[in-house]
Amino acid sequence: MKEFGPIFRRWWFNRFHPAVRFGWIATSHALERNDMPRLGLGLALMAYGLGKGRGGGRRLIYKTAIDVDQGTTIRVMRGRHPIAEIAPLP
């Protein structure tokens, strides 16, 4: 059953920012060696990672407003190449 420990740990820490894992490692080592400055650093790293969040969610790139009689075309680009284009309804 011990072979599932690293797999579970990797799955668990992938849910958080990488700083949380580094903070956890620093905190664990500090508690083993009774090193209070390293304990503070580990806790600070964990707090930073939890505050930062994992990210990866959707983010707004561009926002605008158009008038009633005005038309617009939306073009989705990947690098320099358009991958989709939506024209206004007539």
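Of note:
- Here the spin labels are modelled as points 7 Å beyond Cα on the Cα-Cβ line, and at TYR48 and LEU60 they lie 2.9 nm apart.
- Projecting the Cα atoms of THR73, TYR62, ILE25 onto the charge dipole of the chain, computed from C-beta unit charges around the Cα centre, puts ILE25 farthest toward the positive end.
- Computed over protein heavy atoms with a 1.4 angstrom probe, the accessible surface ordering of VAL20, VAL68, VAL76, largest first, is VAL68, VAL76, VAL20.
- Loop sites here are trypsin sites (Lys or Arg not before Pro) outside DSSP states H, G, I, E and B with no more than 10 other Cβ atoms within 10 Å. The longest part of the chain free of them is 16-57.
The values are calculated or read from the model by the stated rules, or taken from the named source; none is laboratory data. Since the structure is predicted, the reported quantities are computational estimates derived from the model, not experimental observations. Please note: Cβ atoms are built from the backbone with ideal geometry, for glycine as well, and neighbour counts cover all protein chains shown. Side chains are part of the model used for accessible areas, which takes the heavy atoms of the whole protein and leaves out ligands, DNA and RNA. Shrake-Rupley method; radii C 1.70, N 1.55, O 1.52, S 1.80 Å.
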